[in-house]
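The values are calculated or read from the model by the stated rules, or taken from the named source; none is laboratory data. Nothing here was measured: the structure is a model prediction, and the numbers come from that model. Note that each Cβ is placed from the backbone with ideal geometry, even for glycine, and that neighbours are counted across all protein chains shown. To get the accessible areas, we keep the full protein, side chains included, count just its heavy atoms, and leave off ligands, DNA and RNA. Shrake-Rupley method; radii C 1.70, N 1.55, O 1.52, S 1.80 Å.
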Amino acid sequence: MGLEGIVSKRADAPYRSGRGEQWLKIKCWKRERFVVIGFVPEGSAGLLKLRLARREGRELVYVGRVGTGWDRKTAGEIRRALEPLARPTTPLAKPLKKRGTTWVEPRFDAEITYAEITDDGMVRHPAFKRLVP
């Protein structure tokens with residue numbers, strides 16, 4: 001149905017309008033894999049965000065970035081996996097300038113949960129789940 005979420009009421013609670021503990025808001029999240037095309041490093045071993053793309057035929061199209069969903073240990077593991085794949089330019093079909101980004105060969109996918117794809121094709125409220133070779 002394309003809903004962002006659903007609001008429900010506890011079955012054992014009487015109906016009362018307005019906000020309260022008896023009302024629950026349950027969000028619907030989509031889950032998809034996107035190609036990792038770059039990362040923004042943090043310090044010597046950390047990770048601020050991953051740059052993502054989707055495949056359209058043989059081309060890669062930018063869909064945004066994800067900057068949450070990992071702990072410090074996982075961030076280090078992701079960065080160590082991506083650093084050997086560094087390249088001087090973006091692998092995107094249409095060049096993109098993003099300051100501080102280390103572009104990488106598109107050999108990994110990131111599984112992401114997100115609320116929706118915006119009208120301009122970007123992921124909205126993305127969260128990282130795992131890196132997929």
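Looking at (1) modelled with pLDDT of 85 or more; (2) more than 30 Å from residue 110 (Cβ to Cβ); (3) of a type outside the set (Gly, Ala, Ser), can you tell me which one residue 26 breaks? In the conditions (1) modelled with pLDDT of 85 or more; (2) more than 30 Å from residue 110 (Cβ to Cβ); (3) of a type outside the set (Gly, Ala, Ser), residue 26 misses (2) alone. Filtering segment 76-103 to residues that are over 15 Å from residue 64 (Cβ atoms) and among the hydroxyl-bearing types (Ser, Thr, Tyr) leaves 89, 102.
Have a look at 80, 107, 130 and point out the one that is in a strand (DSSP E or B) and either surrounded by fewer than 15 Cβ atoms within 10 Å (Cβ to Cβ) or modelled with pLDDT of 95 or more (or both). Checking each option against the conditions leaves just 130. Among the residues of segment 34-48, those that are at negative phi and either of a type in the set (S, T, N, Q) or not in a strand (DSSP E or B) (or both) comprise 44, 45. Would you confirm whether or not segment 63-72 contains a residue that is in contact with a helix residue (DSSP H, G or I) (Cβ under 8 Å, 6 or more places away or on another chain), in a strand (DSSP E or B) and open to solvent by less than 30 Å² (accessible area, probe 1.4 Å)? For segment 63-72, residues in contact with a helix residue (DSSP H, G or I) (Cβ under 8 Å, 6 or more places away or on another chain), in a strand (DSSP E or B) and open to solvent by less than 30 Å² (accessible area, probe 1.4 Å): absent. When segment 1-33 is limited to residues that are in a strand (DSSP E or B) and closer than 30 Å to residue 131 by Cβ, the one that is most open to solvent (accessible area, probe 1.4 Å) turns out to be 31.
Could you tell me how many of the residues in segment 34-50 are within 19 Å of residue 125 (Cα to Cα) and open to solvent by 50 Å² or more (accessible area, probe 1.4 Å)?
2
Residue 53 fulfils the conditions (1) within 30 Å of residue 6 (Cβ to Cβ); (2) open to solvent by less than 50 Å² (accessible area, probe 1.4 Å) except for a single criterion, (1).
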